[in-house]
Amino acid sequence: MLKRTTFGRYYSLCLAVLLAVVLGASCSSSLVPEPRMPRESRQELPDAAVIARLRTLWDELQKTSLSPEQYADVVARYNADLLTLIRRVRVDYVKDWKEGRTHQAEGFTWTHEVDGPQLPLVELYSEVLPAVDVPIENLDERFSVPGLGVPLVGIIPADKVDKSNIKFNIRTRGTVRTLTAVLTFPKGKNAMPVLRLIPRHRTETVRVGRLDYRLAADFSAPIEVYWNLTHVKKDRFLGMLKPQELRDSMGLSCMEVYNPHKIPVILTHGLLSSAGTFDNMVNRLMADPEVRSRYQFWYFNYPTGVTWTLTAAEYRKALREVRRKLDPEMKNKNWDNMVVVGHSMGGLITRYSQSLEPWMLVKNNEITKGKWAKYADARYVDEPIPEKSLNAFRDVFFFRPVQAGMVVYMATPHRGAPLARYRIVNALLKLVKLPETLVDEIVNIATLQDDSILLNPERITAWFTSVGQLSPESYSIAGLQNLKLRNVPTHSIIGDQGDNDTPKSSDGIVPYWSSHLPWGTEQIVPAGHSVQSVPETAEAFGKILRDYARSLK
C-alpha cells in the first residue's frame with residue numbers, strides 16, 4: 001500500500017503539472033552566450049603579437065628537456081593566449097556568418113576535422129564559442145579534462161545538419177560538436193599557422209614535434225548548449241496532452257556525428273518527459289574516458305500521451321531505419337551489441353520490443369477478444385491479417401524483436417504504477433487529446449469486438465493513452481508479464497526514496513514490487529523516480545557499460 005503522505009506528494013505533483021500546462025509555464029535562457037572580448041584590446045596587443053607569442057610557446061612545447069612543472073606553465077600560457085585569440089576571432093566570425101560572408105582570419109588559416117563531408121568552415125558552423133564562456137545552468141556538474149588547447153562548442157544550424165551527416169528528430173534550432181582548438185605552426189618558410197578544430201569525441205591527444213599531449217576538453221558545455229537549442233524540455237507537457245502536435249519530433253537523435261566504431265546506447269525516456277531527461281547522466285558518463293571511447297549515446301524522443309505499445313512500434317521502426325541507413329550491409333557488430341535503456345514508461349517500450357511472441361499480448365484479453373484473438377499467430381509478422389481493418393495495428397503486435405546486446409531498465413513499472421488509479425491522474429488523462437487518425441482506427445477495431453468498447457466511449461482514452469496503459473489492471477501490463485523475452489544480459493536500476501526498506505520500498509511513483517525483475521542484476525540507489533538524474537545511477541550504469549565492453553573483447 002502507498003502511504004498517505006506519498007499520495008499527497010503525487011497530488012501536489014499532478015496539480016503542479018496541470019498548472020504548468022494551463023499557464024504555459026516554461027523557463028528559457030539565452031540560447032548561446034554573446035561573443036565577449038578579452039580584456040586586452042587589439043590596440044594594446046594586436047593579433048599578430050598574440051600569434052607570435054603562441055609560436056614561441058609552440059616551440060617550447062616541442063622540447064624534451066622541460067620539467068613537468070615547466071610543461072604545465074607553458075601549456076597554461078599557450079592556452080590563455082589561444083583563448084584570447086579565439087574570443088577575438090569569434091566576434092568577427094559571427095558577424096561575417098550572419099552577413100553571409102566567409103570569415104578571413106588574419107595571420108592564420110582554419111582547418112576543421114569532420115566525420116562527414118568536408119565543408120568550408122562557414123558552411124558548417126554558425127558559431128564556434130569557447131566552452132569556458134558557456135554557463136552551466138541546467139546540468140548539475142561540469143566535467144572537463146586539463147590538457148593542451150581550448151575546448152570549444154561548434155554550433156551547426158538546423159539547415160546545415162543534412163550536410164554534416166547528422167540525423168536528428170528532435171525539434172531543434174541546430175546541433176553541436178565537441179571540439180578542441182589548437183593553433184599549430186607547420187614547418188616551412190612561408191607556412192601559415194593553422195587553427196585546428198579537432199572533434200574531441202574521436203581524439204584524445206595531439207602531436208607537437210615528437211611529443212604527444214593530451215587534448216583539453218569540456219564535455220559539459222556542448223550538452224548544455226545542445227539541450228538549450230532544442231524544444232524538448234518545454235514540449236514535454238504538450239507531448240503528453242496533445243501528442244499529435246509533436247509527431248514530427250518522434251524518432252532517434254544523436255548529438256554527435258555517428259561513429260561506426262562505437263556501440264550505440266539507445267536512451268528512451270518516460271511519461272511527461274523528454275530525451276533531455278538524460279542530460280545529467282550522459283554528462284557524467286562522458287567524463288569517463290573508457291565509456292566515451294566505446295559508446296555513443298542516442299536518444300529516442302516521442303510524445304508521451306499515446307500508449308506505450310503504439311509508441312514501441314515507432315521505436316522499432318526508427319531503429320530499423322537508422323541501421324539501414326548507417327549499416328546497410330548489416331555487418332557492423334556494434335549494432336548487434338547495442339545497449340537499450342528505458343526509464344519509467346520508456347522501460348516498457350524497451351521491454352516489449354524485446355518480446356519473442358508479442359502477438360500473445362492481444363490474445364484472450366478484454367480489449368482484443370473476438371475476431372482479433374484468433375489471429376495471434378507468428379505468421380502475421382510477415383503476411384497481412386485477413387481482416388483488413390486489423391492491419392492498421394499489425395506492427396504494434398506482430399514484429400521481430402530488437403536485436404540488442406544488453407538491456408537496462410531504470411525505475412520501470414513492469415507491473416504497472418498504482419499512481420494511474422488516482423482521481424487526479426484520471427483528470428489529467430481526460431485532458432489528453434488523441435490523434436484523430438488513431439481514434440478512427442480504434443473505432444473501426446472496436447466495432448469488430450463482441451463486447452465493443454464503444455458501449456463505453458470513455459474507455460477509448462483509458463485504453464489508448466499512456467496513463468491508461470500504466471495501470472496494473474490494463475491489458476498491456478497484464479499481458480506483458482507472460483511474454484517471452486530474448487535472453488540477453490539485463491540490469492535494473494531502482495530508486496529508493498529514502499525509507500531503505502526494500503522490498504517494501506518505492507521511488508515515490510513506482511513501488512519496488514513493480515520495478516523488480518526476477519532475472520538479471522539489480523541495484524538500488526537513493527533516488528526518487530527520476531533515478532536517471534542522480535550520480536549513483538551514472539556510477540552504476542558506467543560500471544555496467546565498462547564491464548560489458550570488456551566482455552566483448
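Remarks
- Count - residues of segment 513-553 that are outside any strand (DSSP E or B) and either aliphatic (A, V, I, L, M) or under 26 Å from S274 (Cβ atoms) (or both): 23
- Residues that are touching a Gly at 6+ places or on another chain (Cβ under 6 Å) and either among the small types (G, A, S) or at pLDDT below 85 (or both) do not occur anywhere in segment 129-146.
- Number of the exception - Y315 against (1) surrounded by fewer than 18 Cβ atoms within 10 Å (Cβ to Cβ); (2) assigned to a helix (DSSP H, G or I): (1)
- The residues listed here are P264, P358, P328, P289; of these, the one that is free of Cβ contacts under 8 Å to residues at least 24 places away in the same chain and not hydroxyl-bearing (S, T, Y) is P328.
The values are calculated or read from the model by the stated rules, or taken from the named source; none is laboratory data. These figures come from a predicted structure and were not determined experimentally. All Cβ positions, even for glycine, are placed from backbone atoms using ideal geometry, and neighbour counts span all protein chains on display.
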